[in-house]
Amino acid sequence: MKTSLVVAAALFASLCGTSAQAGKTLDTIKQRGQLVCGVNPSLPGFSAADSQGVWTGLDVDICKAIAATVLSDASKIKWTPLNAAQRFAALQSGEIDILSRNTTWTLTRDASLGLNFTGVTYYDGQGFMVPKKGRITNAKQLKGATVCVQSGTTTEKNLTDYSKAAGLKMKPVVFETQEATNKAYFSGRCQAYTTDASGLASVRNKEATNPDDHVVLPELISKEPLGPAVRRGDDEFFAIAKWVVFALIEAEEYGITKANVDDMKAKSTDPVVQRILGTSEDTGKLLGLDKDWAYRAIKEVGNYGEIFERNVGPKSALKLPRGANNLWNKGWPDVRPARALSLSLTLR
């Protein structure tokens, strides 16, 4: 799974070619003066707004980085909250410029919905949450159980597949919105709740009267590579959105942070750092941008590691381990080095 981070580093270092022409999406964003970003209405750690309407989260920070890149201002964003059923139509119709909403990169979505995924920003897997008082310690004990699940998601199909393959005969209780799913589970309508493990941690932390009364079981029943998506047909904006993510990852690898980016821009003699920050080669012209495009993204939101830590990491409210989302050069815990990125994508 970490091969994607290796690829990002290698591709960033070798970025070359002729100058790019601005695509229609980038032109529209500049004329509008805003990036329109589709997000989850309420998934703390990934995207959520506080009482003042300020949005935060890992998915939110990806949009902020792109806005900083193309508009020189991370605040120039119109946030469009979307439920699972709305998200793809909003992107296809042009209502939003980018979908950054805990969305799994699958074959079906990639090949049939008229969109392009720009990379993986969080590797996840689907799990189950249950009340601690039920003394359930593994998913195999959920035979015949009612399970709350949101419709219009990969989660619903994964539940059906897993239940059938394991002979568990689980009974899905399906809801259109995440809010309805949360309410049903915490009111006792279902014996378990299933979604991405990171989502379960977020829901438990936000919605439970006492989070310690609920347990996320250890089994993961799917691969869920989550990432932003853009409309197919605009290669220029696709390239920008993709390389912003790669730049944030590479910045972490080379120790470029929000706090030290100005100092490194002024003093670093490392050729890769100079290339990232635009003090040597002008990679921006290849994307239809200026040479400071990556510098602005890092200056506004920090590198990928900083984004991870403040939103979902061990010191955040969600307390999620870095795990498979670590850099390639930080070791390969529980992952074979030869494992290809293709194996972390999901054929459904």
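Every read-out reported here was derived from the displayed coordinates using simple, explicitly stated rules and does not represent laboratory data. Owing to the predicted nature of the structure, the values given are computational and were not obtained by experimental measurement. Please note: Cβ atoms are built from the backbone with ideal geometry, for glycine as well, and neighbour counts cover all protein chains shown.
Table for the structure above
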{"read-out": "Cα→Cβ-extended label distance, 7 Å offset, between GLN52 and GLN92, nm", "value": "3.9 nm"}
{"read-out": "Segment 33-104, Rg to Rh (Cα coordinates; Rh as Kirkwood inverse mean 1/r)", "value": "0.94"}
{"read-out": "Anisotropy class of segment 126-221 from Cα gyration tensor, a/c 1.5 cut", "value": "oblate"}
{"read-out": "Percent of C-alpha pairs per 10 Å bin, the chain, short to long", "value": "5, 25, 33, 24, 9, 3, 0"}
{"read-out": "DSSP beta bridge pairing in the chain, given as percent antiparallel to the nearest 5", "value": "55 percent"}
{"read-out": "Distance in nm between pseudo-label sites at ASP212 and ASN329 (7 Å out along the Cβ direction from Cα)", "value": "4.1 nm"}
{"read-out": "Length released on extending from ASP27 to LYS143, taking residue separation times 0.36 nm less the Cα-Cα span", "value": "36.4 nm"}
{"read-out": "Separation of the GLU309 and LYS157 label points, Cα + 7 Å toward Cβ, nm", "value": "3.8 nm"}
{"read-out": "Overall form of segment 218-293 per C-alpha gyration tensor (a/c, 1.5; a/b vs b/c)", "value": "oblate"}
{"read-out": "Residues listed by number, segment 80-98, amide nitrogen under 20 Å from ASP73 label point at 7 Å toward C-beta", "value": "80, 97-98"}
{"read-out": "Segment 58-195 - convex hull of the alpha-carbon atoms, volume per residue in Å³", "value": "129 Å³"}
